[in-house]
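Notes for the one structure printed next.
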Amino acid sequence: MKLSKNLRLAVVALAASCVTMAASAQDNVLLGAGSTFVYPLFSKMFSQYTASKVNYQPIGSGGGILQLTNKTVDFGDSDAPLNDDQTKKMSAEVLHIPMASGAVVVTYNVPGVAGGLKLSGKDLADIYLGKVTKWNSPEVKDSNPGVNLPDLPILVIHRSDGSGTSFIFTDFLTKVNPEWASKVGKASAVNWPAGLGGKGNEGVAGLVKQTPGAIGYIELAYAIQNKMPFADIQNKSGKFITPTLAATTLASNVVIPADSKVSITNTDNPKGYPIASFTWALIYKEQNYGGRSKARATELVKLLWWNIHQGQANCAPLNYAPLSKSAVKVAETILKSATYGGKAIL
């Protein structure tokens, strides 16, 4: 059956209308990927944000950086700033916007030791180097007088994926153990001298929970949600610090440089927890790329602006340290530098 000219025009108009609506709907769904470290916080933030929908995939900082490199997401999130190699692979300048700071905790499964385990940074690195292999070794016993440590092999658990959590952890170990610094170093993915790998914070947590003798490192919120014990870690002042919101806040109360890239592991603060870090949302400074609309770019910048202001109310209940006033000012300045077609978006 032949369509009349008017009907054909109506069909074309309807199709065009559907395409326009689809494009509009697409602009209202922002795509992000990266850090599992920040996932509990982002889940809460994005559930409360109503101006647009956000689809965030916690695939690890390395995965988020790769997806941003390939321009398949609007933003990545990483618990480590881009390194030189990652920066070179980006097609344009990338902005780092601090979202919050959090603690990486050392969790363990030691029968008979429910909590209160203490570890120095040097001994922790030696465990991950495969040099300290028993829970009742002299090194562990010296830091835990009166604790009945079993004659049980230590099974090291680490991340198998590129991970900002691993960067934070290895950044700390590099600062406190010269042998670790020379043999392994700091990175989102390193050549681990010992142990088994788990994917994501949840993968490491799962392996530790099901394996007597295991030790691993995960984000504080994961440990609390899974009711897992975590160790007090010795800081630069020689004090064993329990990872808490207060101790993380003290570690993150530092001067933030203009580009926001700063390490806060092994803090100088005598009451600060030493394995802590900021987490950063990563976006291209110039947002006019790959056919992106100005509306989509504006929605993205507005989302991140909300995160560093109203969204900060979600930090403390989930054991993340909110941004300090000075950190918010730095984040504001960075977001205001985002452009579309060379013109400021905000």
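The values are calculated or read from the model by the stated rules, or taken from the named source; none is laboratory data. Remember, it's a predicted structure, so these values are computed and weren't measured experimentally. Backbone-built Cβ (ideal geometry, glycine too); neighbour counts: all protein chains shown. For the accessible areas, the whole protein counts, side chains as well, though only heavy atoms, and no ligand, DNA or RNA atoms are used. Shrake-Rupley method; radii C 1.70, N 1.55, O 1.52, S 1.80 Å.
Going through segment 316-346 one residue at a time, which ones are under 20 Å from K261 (Cβ atoms) and open to solvent by less than 40 Å² (accessible area, probe 1.4 Å)?
Y320, A321, L323, S324, A327, V328, V330, A331, I334, L335, S337, A338
Here are the criteria: (1) in contact with an Asp or Glu (Cβ under 8 Å, 6 or more places away or on another chain); (2) of a type outside the set (A, V, I, L, M, F, W, C); (3) more than 28 Å from K118 (Cβ to Cβ). Tell me which single one T265 does not satisfy.
(3)
For S43, only one of the following conditions fails: (1) touching a Leu at 6+ places or on another chain (Cβ under 8 Å); (2) in a helix (DSSP H, G or I); (3) of a type in the set (G, A, S). What is its number?
(1)
Being touching a helix residue (DSSP H, G or I) at 6+ places or on another chain (Cβ under 8 Å) and either under 30 Å from N136 (Cα atoms) or open to solvent by 10 Å² or more (accessible area, probe 1.4 Å) (or both) is the filter here, so list the residues in segment 97-116 that pass it.
A103, V104, V105, V106, T107, Y108, N109 - these are the residues of segment 97-116 that are touching a helix residue (DSSP H, G or I) at 6+ places or on another chain (Cβ under 8 Å) and either under 30 Å from N136 (Cα atoms) or open to solvent by 10 Å² or more (accessible area, probe 1.4 Å) (or both).
Since P193 meets every condition but one in (1) out of contact with any Phe, Trp or Tyr (no Cβ under 8 Å at 6 or more places or on another chain); (2) open to solvent by 10 Å² or more (accessible area, probe 1.4 Å), which condition does it not meet?
P193 satisfies all of (1) out of contact with any Phe, Trp or Tyr (no Cβ under 8 Å at 6 or more places or on another chain); (2) open to solvent by 10 Å² or more (accessible area, probe 1.4 Å) except (1).
Among K271, K261, which is the only one that is in contact (Cβ under 8 Å) with a residue 40 or more places away in the chain, among the charged types (D, E, K, R) and in a loop (DSSP other than H, G, I, E, B)?
Testing whether each residue is in contact (Cβ under 8 Å) with a residue 40 or more places away in the chain, among the charged types (D, E, K, R) and in a loop (DSSP other than H, G, I, E, B) leaves just K261.
Tell me, please, whether a residue that is more than 28 Å from P178 (Cβ to Cβ), touching a strand residue (DSSP E or B) at 6+ places or on another chain (Cβ under 6 Å), open to solvent by 10 Å² or more (accessible area, probe 1.4 Å) and in contact (Cβ under 8 Å) with a residue 60 or more places away in the chain can be found in segment 70-79.
No, that holds for no residue.
Quick one: R292 ticks every box in (1) more than 19 Å from the chain's Cα centre (by Cα); (2) charged (D, E, K, R); (3) open to solvent by 30 Å² or more (accessible area, probe 1.4 Å) except a single one, so which number is it?
(3)
When D161 is evaluated against the numbered criteria (1) modelled with pLDDT of 95 or more; (2) at negative phi, which criterion, by number, is the only one it fails?
(1)
Scan segment 46-69 residue by residue and report those that are surrounded by fewer than 19 Cβ atoms within 10 Å (Cβ to Cβ), part of a strand (DSSP E or B) and more than 13 Å from the chain's Cα centre (by Cα).
Listed by number, the residues that qualify are K53, N55.
Restrict the check to segment 183-196 and report whether at least one residue is part of a helix (DSSP H, G or I) and over 17 Å from the mean Cα position of the chain (by Cα).
The answer is yes, given that some residue of segment 183-196 is part of a helix (DSSP H, G or I) and over 17 Å from the mean Cα position of the chain (by Cα).
Before we move on, is S24 in a loop (DSSP other than H, G, I, E, B), open to solvent by 30 Å² or more (accessible area, probe 1.4 Å) and either modelled with pLDDT under 95 or of a type in the set (D, E, K, R) (or both)?
No; evaluated as a whole, the condition is false for this residue.
Of the residues I215, I168, which single one is open to solvent by less than 20 Å² (accessible area, probe 1.4 Å) and either in contact with a Pro (Cβ under 6 Å, 6 or more places away or on another chain) or assigned to a strand (DSSP E or B) (or both)?
The match here is I215.
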